[in-house]
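The values are calculated or read from the model by the stated rules, or taken from the named source; none is laboratory data. Because the structure is a prediction, the values reported are computed rather than measured. Note: ideal-geometry Cβ built from the backbone for every residue, glycine included; neighbour counts use all protein chains shown. These area figures cover heavy atoms from the full protein model, side chains too; ligands, DNA and RNA do not enter into them. Shrake-Rupley method; radii C 1.70, N 1.55, O 1.52, S 1.80 Å.
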Amino acid sequence: MSDRDAILASVPVLQPGQALARGVCRHLRGHGFASVEEFVPERGKRVDVMALGPKGEIWVIECKSSRVDFQTDRRWDGYLEWCDRYFWAVDEAFPTDLLPEGTGLIIADAYNAEILRMAPEHKLPGARRSALTRKFARHAAQRLQALRDPRI
């Protein structure tokens with residue numbers, strides 16, 4: 001096996017929602033955001049992407065890869081209390097008329113994204129922002145440490 005083949009064999013195949021999340025995270029990085037995928041703000045909730053902005057703003061982005069994916073997941077409104085802005089990330093073929101009013105819209109693929117509709121801002125209470133920012137930082141640091149030392 002060549003070095004190239006070995007590298008390609010070690011790269012995980014992304015599921016459609018993971019590919020959207022990757023494109024979203026790449027785009028947000030260009031705006032100064034740090035992102036964590038599959039973040040758990042509290043027990044029983046898992047957001048696809050949580051992003052922490054340069055001014056401390058917190059965005060949640062839910063990635064939907066199909067109509068069925070969207071229609072079978074009705075927990076999204078429980079995520080509103082965990083962010084300043086809430087977005088949907090979908091691919092260009094997604095029927096965006098299904099998405100609720102009053103939310104942001106991001107069109108994405110595995111490599112990049114574009115914010116088509118800015119989400120309205122609903123500022124988090126200070127105590128929740130502080131606790132969530134600390135949890136975000138700890139979670140990101142633990143993920144980085146696990147990459148460096150996967151035996152932990």
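Would you work out which of ALA110, VAL49, LEU132 lies farthest towards the positive end of the dipole of the chain, given +1 charges on the beta-carbon of Lys and Arg and -1 on that of Asp and Glu, about the Cα centre? Final value for the positive-end residue is LEU132. Applying 0.36 nm per residue to the separation of ASP149 and VAL40 and subtracting their alpha-carbon distance, the gain on full extension is 37.0 nm. Taken as Cα centroids, region 115-152 and region 11-45 sit 11 Å apart, rounded to the nearest whole angstrom. Surface analysis of the chain yields an accessible area of 62 Å² per residue, using protein heavy atoms and a 1.4 Å probe. Surface composition of the chain: carbon and sulfur make up 52 percent of the accessible area, probe 1.4 Å. So, R0 is 22 Å and r is the distance between the beta-carbons of ALA131 and GLU57; what FRET efficiency does that work out to, to 0.05? Using R0 = 22 Å, I get an efficiency of 0.90. Given a Förster radius of 22 Å and the C-beta distance between GLU92 and ARG26 as r, what FRET efficiency does 1/(1 + (r/R0)^6) yield to the nearest 0.05? Given R0 = 22 Å and the Cβ-Cβ separation, E is 0.85. In a reduced charge model with +1 at each Lys and Arg Cβ and -1 at each Asp and Glu Cβ, the chain shows a dipole moment near 800 debye about its Cα centre. Rounded to the nearest Hz, the phi-derived 3J(HN,Hα) couplings of region 71-76 under the Karplus curve 6.51 cos²θ - 1.76 cosθ + 1.60 (θ = phi - 60°) are 6, 8, 10, 10, 8, 4, where x marks glycine and proline.
Bridgeable lysines around LYS135 (alpha carbons under 20 Å apart, same-chain partners fewer than 8 residues away excluded): LYS45, LYS55, LYS123. Rounded to the nearest Hz, the phi-derived 3J(HN,Hα) couplings of region 98-107 under the Karplus curve 6.51 cos²θ - 1.76 cosθ + 1.60 (θ = phi - 60°) are 6, 6, x, 5, x, 10, x, 9, 10, 9, where x marks glycine and proline.
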